[in-house]
Amino acid sequence: MKHFYMLLAAIALEVSGTTFMKFSVTHEWLIGYPVMLAAMACSYFCLSKAVKKIPISVAYAVWEGLGLAGTALMAWLIFNETMPPIKLLAFGVIIAGLIMIKKGTFKVGCD
């Protein structure tokens, strides 16, 4: 179960890091870049801990897919980027794809 929490932490840190990347180019680079680098480094660290028990194909797909959706949500909320219905549909398709990847992954003797 702790590996699942590490994956969630990796996703949250990726979203934070990417959000601070945008913040650094639109507001204050002196704060944004160091926070971005630290968050992204910690994100990869947490992801590396998660893949000890979660198959890499699942962990990476979930990390990237939910990170993408989370980053788009932050861009919409914080930076007033557009969120048209087609984009929302695309995120739904991504989430459906993540569910299919998880359902199609079988655990074969890796404990």
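Would you please list the contacts, defined by Cβ atoms under 6 Å and residues six or more apart or on different chains, that run from a residue in segment 1-20 that is over 14 Å from F45 (Cα atoms) and in contact (Cβ under 8 Å) with a residue 12 or more places away in the chain to a residue that is basic (K, R) and buried (at least 21 other Cβ atoms within 10 Å of the Cβ)?
So the pair list comes out empty.
So how many residues does segment 5-30 have that are at pLDDT below 95, open to solvent by 50 Å² or more (accessible area, probe 1.4 Å) and closer than 18 Å to L68 by Cα?
Here the count works out to 4.
Give the number of residues within segment 68-97 that are of a type in the set (S, T, N, Q), on the phi < 0 side of the Ramachandran plot and open to solvent by 40 Å² or more (accessible area, probe 1.4 Å).
Total meeting the criteria: 1.
Say we look at segment 50-67 and pick out the residues that are of a type outside the set (S, T, Y) and surrounded by fewer than 17 Cβ atoms within 10 Å (Cβ to Cβ); which of these is nearest to T26 (Cα to Cα)?
Among them, the one singled out is E64.
Given Y33, Y44, Y60, which one is modelled with pLDDT under 95 and within 25 Å of G104 (Cα to Cα)?
Of Y33, Y44, Y60, the one residue that is modelled with pLDDT under 95 and within 25 Å of G104 (Cα to Cα) is Y60.
Taking helices (runs of 4 or more DSSP H) that fall entirely within segment 1-79, which contain at least 3 residues that are over 15 Å from the mean Cα position of the chain (by Cα) and farther than 21 Å from F91 by Cα?
Answer list for segment 1-79: 2-26, 29-50.
Can you tell me which of (1) loosely packed, with under 13 Cβ neighbours inside 10 Å; (2) farther than 26 Å from M1 by Cβ is the one M100 doesn't meet?
(2)
The values are calculated or read from the model by the stated rules, or taken from the named source; none is laboratory data. The model shown is predicted, which means the values in this text are computed figures rather than measured ones. Counting neighbours? That spans all protein chains shown, and the Cβs are built from the backbone with ideal geometry, glycine included. We work out accessible area using only protein heavy atoms, side chains counted, and drop any ligands, DNA or RNA first. Shrake-Rupley method; radii C 1.70, N 1.55, O 1.52, S 1.80 Å.
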